[in-house]
Amino acid sequence: MDLEYELIVPELVLAGFAVVIATGALTLRRVPQEFWGYLTATGLLVLLVLTAVFYINVNDDFANILAIDNYTVLFRVFFLAIAFFATVAGVQYAGERLRNHGEFYALILLATFGMMTLAASRELITAYISLEIMSFSFYILVGFNKLNPLSNEGSLKYMLLGGFSSALFLYGLSMLYGITGTTTYSAIEPDGIEAGRNIATQLSNFSAAQLDPNLPIPSEVRPGMVIAMVLIVAGLGFKVSAVPFHQWTPDAYQGAPMPVTLFLSAAGKAAAFAFFLRFFSEALLPAASEWVWLVAIIAALTMIVGNVMALQQTNLKRLMAYSSIAQVGYLLIGIVALDASSLMQSQDAATALVLHLIGYVATNILVFTALTVFFNRTGRDDIPDLRGLAERQPFLALVFAVGFFSLAGMPLFAGFATKFILFQVAFSNDFLWLGALGVTMSFVSLYYYLGVIKQMYLYDPEGEDRGRFRVPLPLAASLAVLTGGVFLLGLFPTPLFNAIDDSTRMLFPGL
């Protein structure tokens, strides 16, 4: 094993920082609680910059279980950025509504640690442990507001269904191990590992044997492979809120503290898809014929159910929950499009998926940060409560409008550019029906997003609190940066597209 600990310094620093924050807040009682939030945000920002500077273009692995390459570095930076914005959004909220601040920020750091190791994993056991570190942190964070019954309900449903889905996923992994005899993803063939003893090579051999009856292959391999794929997709489907594994999402989103909803909706999905993409491209691509039909059906159902259910919502957090479910359907198109006629087309699908993932997450953080500002002021999150917001706080109303138009895929915004590229890849890889369904559902989503915008701009304020209010400076700065990013990605996606293309090339060593 190649134990070069300098390769995983960001993860080690993050885990150590979580211990420092939790211990410091527990022992230094006289320090203002807001201090720990701003210290956490500062540490995340510093670690983000250092990671981007010192690990770019590194191509190595740690102990044959963690890949340290541009793909890993891209998601390291991405996860740290998400955690930074979630922490900034959570300082005022936590100060007014939560206790045990140190543990709150430490759990955000531990969840981020799990995400980073999950994106880097190239071995099944390591990936599963990383996934559970992230999931258990989220279970606690969703129920962190112990005095709120909705928070307790959302956390309980999330935990129970999460445990069941983890069992399904682990059972699928065990069957995959039984079929292939290995837990290693792909053919890096490092010292100490028998050449060819990896999932991708074994599945390539099985696929070749199905085409050539003269090659020996156990008769039970294909049924076992189908069952393993169904279990794995079901387990991952829960983690990304795909239909029909989405039932926990609206309750968890509505019950969780607002910054946790932001973090869960953005980072949780980003981490799951980072693993989804590496695992399916490095390990399972040779057996694409066994899983592509299943993922395609789930993608279609997820787009339809997410958008149709969003039409009926009156609570903005629940609307965003179903919106995020619909977005998962769009992202799954990228997984389906991995089944292409060439590795180059598969890589294009991977690049398009990551590009849309970044655009969606940035927009989602923008909307939830704006909603956090509004909730801190009013304590409300129903759609009618936004009436007349354009008069009370024009900047906040503008931010909401930008976010909703981007999520709907309107031109000039990030959502249009990223969806256009993603659907184009689907059309190019012979999944015309799936791309057409994505375009249709995007038009449906515009209806319920416009319904929220109508409340802000076409109605007068109601209730006792109708006066103007200010956005706190840290949150205003975050909103300004995120809004600029949404416009920049919508108008000039090429630089980010090229950076992502360089990173996803690491997933296809044959290129």
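Brief remarks follow.
- Packing rank of 474-481, 329-336, where each peptide gets the mean count of other beta carbons within 10 Å, highest leading: 329-336, 474-481
- Rounded to the nearest 20 debye, dipole of the chain from Cβ charges on Lys, Arg, Asp, Glu: 1660
- Per residue, the average separation of C-alpha pairs within less than 8 Å and at least 6 apart gives region 284-511 a relative contact order of 27 percent.
- Once the Cα atoms are used to define both axes, helix 199-211 deviates from the longest principal axis of the chain by about 60 degrees.
- Over the chain, the fraction of Cα-Cα pairs per 10 Å bin, rounded to whole percents and listed from the shortest bin up, is 4, 20, 31, 27, 13, 4, 1, 0, 0.
- Efficiency of FRET between Asn152 and Arg380 - r from beta-carbon atoms, R0 25 angstrom, step 0.05: 0.80
- Order of Thr42, Thr504, Thr72, Thr494 under a 10 Å beta carbon neighbour criterion, fewest first: Thr494, Thr42, Thr504, Thr72
- Over region 284-511: Kirkwood hydrodynamic radius from C-alpha pairwise inverse distances, Å: 18.3
- Relative to the longest principal axis of the Cα atoms of the chain, helix 149-180 runs at roughly 10 degrees.
- Added length on full extension, which subtracts the Cα-Cα distance from 0.36 nm per residue, Leu45 to Leu473: 152.3 nm
- Listed peptides 435-447, 300-312 by packing density, highest first (mean Cβ within 10 Å): 300-312, 435-447
- Protection proxy ranking, peptides 130-139, 145-154, average beta carbon neighbours within 10 Å, highest first: 130-139, 145-154
- Helix 124-142 axis versus longest C-alpha principal axis of the chain: approximately 20°, rounded to the nearest ten.
- The chain, relative contact order in percent, only Cα pairs under 8 angstrom and at least six apart counted: 15
- If you plug the beta carbon distance of Glu4 and Thr440 into 1/(1 + (r/R0)^6) with R0 = 60 Å, you get a FRET efficiency near 0.75.
- Label point distance in nm, Asp460-Gln312, each placed 7 Å from Cα along Cα→Cβ: 3.4
Each reported figure results from applying straightforward, stated rules to the coordinates on display, with no laboratory input. Being a predicted model, the structure only gives us computed values, none of them experimental. Cβ: placed from backbone, ideal geometry, glycine included. Neighbour counts: every protein chain shown.
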